[in-house]
Amino acid sequence: MARKKFLLCFHDFSVWNFQKVTPILEDLKDLAGGPFSVLVIPDTEKASPEAVEGFRKTLVRLADEGFELALHGYKHKAEFSQGRSYMGLIGMNLTQGEAEFAGLSEYESERLLWCGLEAWNKLMETRPVAFVPPTWYSNGFLPMQVRKAGMLYEGRSFIASAIGKRYASPVVSFAGILPFMQNIAYIYGKAVFKLPVGVPRLALHPSDFPQLEGRVRDLIRLALGSGRKLSHYKDL
């Protein structure tokens, strides 16, 4: 019988934080027993040429080490709300403007997706395996647009392959929650990784470190100890 799987996904890797975050990735790789998925914000518009080159070289090295690199939006920060629905505006307000794909029209959603892909192509020769919209807020057109681009799509509670197969995937994350709710998220995470079904995800963010590092490490150990196998998007 095949072992149950889980995903370890580190969000928000960017030209602005790669120097600080890369040692964290290497440390977690040792704990998890192998490389995992890293979600890349590809926009480098306002960064120096030296920073961009350093970021590019780091991405290539991570890929060579076996880390799986996925596309995480374009800028992870919306600069406008043209064509955005009322529910999309609510999503924007709830995330301080980080839900850049929330409630977009079909045209704006596709335009922004291709902006992300073009920025990615300036950094990497290989195409991303997966696309994860920032904060998981989306619109009705994005999943199919991502699928047409040949990528897996990740929602808040599911993962859909490029051929349309869906997997139940509860996510454990400390991002964007108030301090008093962190213990609740931790308890929820412990329960999720014990479930007999689904492909749970542990979604980490730079803001989790160093404050929540102990709990993050405990959850990784628990996931591995529950008999689940660390997997990549491409393994689904």
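The values are calculated or read from the model by the stated rules, or taken from the named source; none is laboratory data. Computed from a predicted model, the values in this text were never measured in an experiment. FYI the Cβ positions are ideal-geometry reconstructions off the backbone, even for glycines, and counts take in every protein chain you see. When the accessible area is computed, the model is the full protein with side chains, heavy atoms only, and any ligands, DNA or RNA have been set aside. Shrake-Rupley method; radii C 1.70, N 1.55, O 1.52, S 1.80 Å.
Structure summary
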| item | result |
| --- | --- |
| Flag for Arg166 being within 26 Å of Ser226 (Cβ to Cβ) and charged (D, E, K, R) | yes |
| Residue within segment 85-99 that is over 26 Å from Ala149 (Cα atoms), part of a loop (DSSP other than H, G, I, E, B) and open to solvent by 10 Å² or more (accessible area, probe 1.4 Å) present | yes |
| Of all residues in segment 206-236 being surrounded by 18 or more Cβ atoms within 10 Å (Cβ to Cβ) and not hydrophobic (A, V, I, L, M, F, W, C), the one that is modelled with the lowest pLDDT | Arg228 |
| Residue within segment 176-198 that is at pLDDT 95 or above, within 16 Å of the chain's Cα centre (by Cα) and within 25 Å of Phe101 (Cβ to Cβ) present | no |
| Members of segment 100-140 that are open to solvent by 20 Å² or more (accessible area, probe 1.4 Å), of a type in the set (S, T, N, Q) and in a helix (DSSP H, G or I) | Asn121, Thr135 |
| Residue count, segment 10-50 (criterion: in a helix (DSSP H, G or I) and touching a residue at least 40 places away in the same chain (Cβ under 8 Å)) | 9 |
| Those residues of segment 145-161 which are in a strand (DSSP E or B) and of a type outside the set (A, V, I, L, M), in sequence order | Tyr153, Glu154, Phe158 |
| Some residue of segment 187-194 being among the hydroxyl-bearing types (Ser, Thr, Tyr), open to solvent by less than 80 Å² (accessible area, probe 1.4 Å) and either in contact (Cβ under 8 Å) with a residue 40 or more places away in the chain or at negative phi (or both) | no |
